[in-house]
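Novice: What follows is a single structure, and I will ask about it in a moment.
Just so it is clear, none of the values below were taken in a lab; they were calculated from the coordinates. Since we're looking at a predicted model, the values are computed, not measured. Cβ: placed from backbone, ideal geometry, glycine included. Neighbour counts: every protein chain shown.
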Amino acid sequence: DQLFSRANMVTKVESAAELVARAVSTFRDQYGEKPTVAVCGPGRVNLIGEHTDYNEGFVFPMALPMVTVVVGRRTDTGVCRVLTTAQDADEPKQVEFPVPSTDHPLQPGKPAWANYVKGVVANFKGEVSLFDAVLASSVPLGGGLSSSASLEVATYTFLEQLNPQHSPVSLKEKALACQKAEHEFPGMPCGIMDQFISVMGKEGHALLLDCRSMAAELVPLDNPDVVVMVTNSNVRHELTGSEYPTRRRQCEQAAGILAKNSLREASMEDLEAQESKLEPVVFRRARHVIGEIRRTTEAADALRARDYAKFGKLMVESHNSLRDDYEVSCAELDTLVSAAMECTGVYGSRMTGGGFGGCTVTLLSATAVQDTISHIKEKYTGQPTFYITTPAAGASVLQV
Ligand code: ADP
């Protein structure tokens with residue numbers, strides 16, 4: 001608590017219970033009744049394994065204590081009504097839509113935020129009854145901590161609770177239905193990481209996810225002396241929009257020249273043997289991906305052994321590779337990482353997410369938090385926000 005009082009050093013995260021209370025109060029004002037169901041789905045941060053998902057590699061995220069809450073109840077009004085309390089969502093904050101039928105399927109549209117909800121309704125495995133719902137979230141919207149997947153997974157969990165007689169699907173099917181929702185409605189061709197971790201996260205654990213087989217393994221990260229600090233640079237460099245597709249194409253090109261289905265199947269030796277056949281930039285992109293996939297499995301080994309120093313070293317190697325070979329970092333992220341690494345008690349730090357802004361993730365001793373934040377604030381000229389976190393649970397049902 002001392003942390004929060006000291007001049008706004010760490011962002012205080014609203015608890016799930018506080019979010020529920022706020023959502024219930026809004027629900028009563030708006031719909032004049034008490035909701036019967038409350039659920040939540042968490043945001044996430046990726047500890048290591050960046051730009052590996054679309055190369056069939058490994059990722060290693062954990063669920064965050066920041067969540068999206070959905071409260072609501074069944075109705076017979078003839079439409080579904082959803083209201084978001086998120087300030088940053090586009091207008092209008094309330095939408096109405098009919099339950100989809102074969103003759104009248106749901107369509108994406110405006111406002112943009114409602115597409116995440118509609119996409120899940122359209123992809124729910126089971127019958128959807130009419131409902132009213134209110135959303136409240138502690139995941140910053142568009143901050144790279146996957147507020148979108150947390151909303152999808154919370155919505156799916158809400159629909160499950162609304163229909164007690166529905167036959168439950170596996171966690172994997174649930175995550176895949178939410179991923180499909182994001183592909184079809186907001187139209188984002190995302191990988192499987194965000195929805196899988198938001199569904200499968202477990203308190204005190206990170207999740208090693210194989211993006212080829214979709215196998216998921218929980219690995220303990222439960223030492224009370226170790227915390228994960230998420231630092232939002234609060235910058236986002238608007239690029240041409242071609243950066244991501246270009247990287248993907250370069251990876252496919254490298255895999256093709258190496259005669260592999262994906263870079264997951266290539267070793268560093270394979271790559272080096274073919275160096276002369278690859279454009280230098282394509283070679284470096286592939287070197288990042290192949291190295292990063294190996295680092296991610298090594299990081300999982302290190303975490304199983306509770307070797308935080310080793311884990312941290314791999315995080316820094318990941319950052320350097322993203323900066324130099326994959327070229328998706330930026331000056332702000334580099335400053336946040338190097339400032340963190342100058343502090344005692346910091347095991348490792350790296351950019352997390354797609355890059356060109358957004359957040360860094362830092363593994364550090366709980367006792368080092370205050371000094372590290374002070375030092376970063378001295379070195380970083382922008383306005384960073386800090387979240388002190390430990391791995392949280394996946395989607396769950398809450399007391400309404
Ligand atoms: P990220 O998932 O990293 O936060 P995205 O740009 O992928 O960023 O998704 C953010 C979008 O998700 C928001 O612009 C909004 O449309 C939607 N969204 C997320 N949380 C909420 C919420 N609580 N209420 C309404 N819309 C939300």
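Novice: Taking every pair of alpha-carbon atoms in region 78-215, give the share separated by more than 27 Å as a whole percent. It would help to have the intermediate numbers written out before the result.
Specialist: Values: 1589 of 9453 pairs.
Result: 17 percent of Cα pairs exceed 27 Å.
Novice: For region 3-63, what is the convex hull volume of its Cα atoms per residue in Å³?
Specialist: Output value, Cα hull per residue: 163 Å³.
Novice: May I pose another question? Ranking request for peptides 291-304, 237-250: highest mean number of other beta-carbon atoms within 10 Å first, then the rest in descending order.
Specialist: 291-304, 237-250
Novice: Shifting gears a bit: How long are the three semi-axes of the equivalent ellipsoid for region 176-317, computed from the Cα gyration tensor as the root of 5 times each eigenvalue, in whole Å, largest first?
Specialist: 28, 22, 17
Novice: Build a GNM of the chain with springs between Cα atoms under 10 Å: which of Val289, Val153, Val13 gets the top mean-square fluctuation?
Specialist: Maximum fluctuation in the GNM of the chain, among the listed residues, is at Val13.
Novice: Then there is this: State the dimensionless ratio Rg/Rh of region 270-400 (Rg: radius of gyration of Cα atoms; Rh: Kirkwood radius).
Specialist: 1.04
Novice: Distance in nm between label sites at Gln87 and Gln274, each 7 Å beyond Cα in the beta-carbon direction?
Specialist: 5.1 nm
Novice: Based solely on C-alpha atoms, express the radius of gyration and the Dmax of region 1-106 in angstrom.
Specialist: Final numbers for Rg and Dmax: 18.7, 58 Å.
Novice: With labels modelled as points extended 7 Å from the Cα through the Cβ direction, what inter-label distance (nm, one decimal) is found for Arg236 paired with Thr77?
Specialist: Label-label distance for Arg236 and Thr77, simple model: 3.0 nm.
Novice: Dipole of the chain (Lys/Arg Cβ +1, Asp/Glu Cβ -1, origin at the Cα centre): which of Leu19, Ala112, Phe283 lies farthest to the positive side?
Specialist: Leu19
Novice: Another one. Mind pulling the angle between the C-alpha long axis of helix 16-31 and the longest principal axis of the chain? Nearest 10 degrees, somewhere in 0 to 90.
Specialist: That helix lies at roughly 40 degrees to the long axis.
Novice: Along the charge dipole of the chain, which of Pro391, His205, Pro92 sits closest to the positive end, that is, farthest toward it, with unit charges on the beta carbon of Lys, Arg, Asp and Glu (+1, +1, -1, -1)?
Specialist: Pro92
Novice: Once the Cα gyration tensor of the chain is found, what semi-axes does its equivalent ellipsoid get, as square roots of 5 times the eigenvalues, in whole Å, sorted largest first?
Specialist: On the way: eigenvalues 254, 134, 68 Å².
Output for the chain: semi-axes of 36, 26, 18 Å.
Novice: Starting from the 7 Å offset along Cα-to-Cβ, what nm value, one decimal, do you get for the label separation of Ser129 and Ala215?
Specialist: Result: 4.1 nm between the two label points.
Novice: Continuing with this model, one more query. When the Debye formula is applied to the Cα atoms of region 257-322, each taken as the same point scatterer, what base-10 log of I(q)/I(0) results at q = 0.12, 0.20, 0.25 Å⁻¹?
Specialist: Those come out to -0.35, -0.79, -1.01, one per q.
Novice: Moving on to the next point. Placing +1 at every Lys and Arg Cβ and -1 at every Asp and Glu Cβ, with all other atoms neutral, what dipole size does the chain have around its Cα centre, in debye to the nearest 20?
Specialist: 340 debye
Novice: Evaluate the relative contact order of region 119-227 (contact order divided by residue number), counting alpha-carbon pairs under 8 angstrom at least 6 apart; express in whole percent. Don't skip to the end; give the middle numbers.
Specialist: Values: 118 pairs, mean separation 27.1, N = 109.
Relative contact order for region 119-227 comes out at 25 percent.
Novice: If the chain between Ser170 and Tyr244 were fully stretched, how many nm would it gain, using 0.36 nm times the residue separation less the Cα-Cα distance?
Specialist: Between Ser170 and Tyr244, full extension yields an extra 23.5 nm.
Novice: Looking at this model, which pairs from Lys12/Lys379; Lys12/Lys172; Lys313/Lys379 are more than 27 angstrom apart at the alpha-carbon? Kindly include the intermediate steps, with their values, before the conclusion.
Specialist: Working: Lys12/Lys379 23 Å; Lys12/Lys172 32 Å; Lys313/Lys379 22 Å.
Exceeds cut-off: Lys12/Lys172.
Novice: Counting residues in region 313-383 as N, plug N into 2.2 N^0.38 Å and put the Cα Rg over that result.
Specialist: Working: Rg = 11.4 Å, N = 71, 2.2 N^0.38 = 11.1 Å.
Normalised Rg, Cα atoms only: 1.03.
Novice: Assigning unit charges at the beta carbon (Lys, Arg +1; Asp, Glu -1) and nothing else, what dipole magnitude in debye, to the nearest 20, does region 96-160 show about its Cα centre?
Specialist: Dipole magnitude for region 96-160 comes out near 220 debye.
Novice: What is the packing order of peptides 376-383, 17-24, taking the mean over residues of other C-beta atoms within 10 Å and listing the highest first?
Specialist: Averaged packing, sorted descending, gives the order 17-24, 376-383.
Novice: Also, I was wondering about something else. Principal axis lengths of region 195-256 from Cα atoms, whole Å, largest first?
Specialist: 42, 35, 20
Novice: What is the angle, in °, between the Cα long axis of helix 369-379 and the longest principal axis of the Cα atoms in the chain? Nearest 10 is fine, range 0 to 90.
Specialist: 70 degrees
Novice: Can you give the angle from 0 to 90° between the axis of helix 114-123 and the longest principal axis of the chain, with both taken from C-alpha atoms, to the nearest 10?
Specialist: Between the helix axis and the principal axis of the chain, the angle is about 80 degrees.
Novice: A further question follows. Give the Rg/Rh ratio for region 62-119, taking Rg as the radius of gyration of the Cα atoms and Rh as the Kirkwood radius, to two decimals. Kindly include the intermediate steps, with their values, before the conclusion.
Specialist: Numbers: Rg = 13.2 Å, Rh = 13.1 Å.
Taking Rh as the inverse mean 1/r over Cα pairs, Rg/Rh reads 1.00.
Novice: Now for a separate question. Just need the Rg to Rh number for region 92-166, please, alpha carbons only, Kirkwood Rh.
Specialist: On the way: Rg = 12.6 Å, Rh = 13.3 Å.
Value, to two decimals: 0.95.
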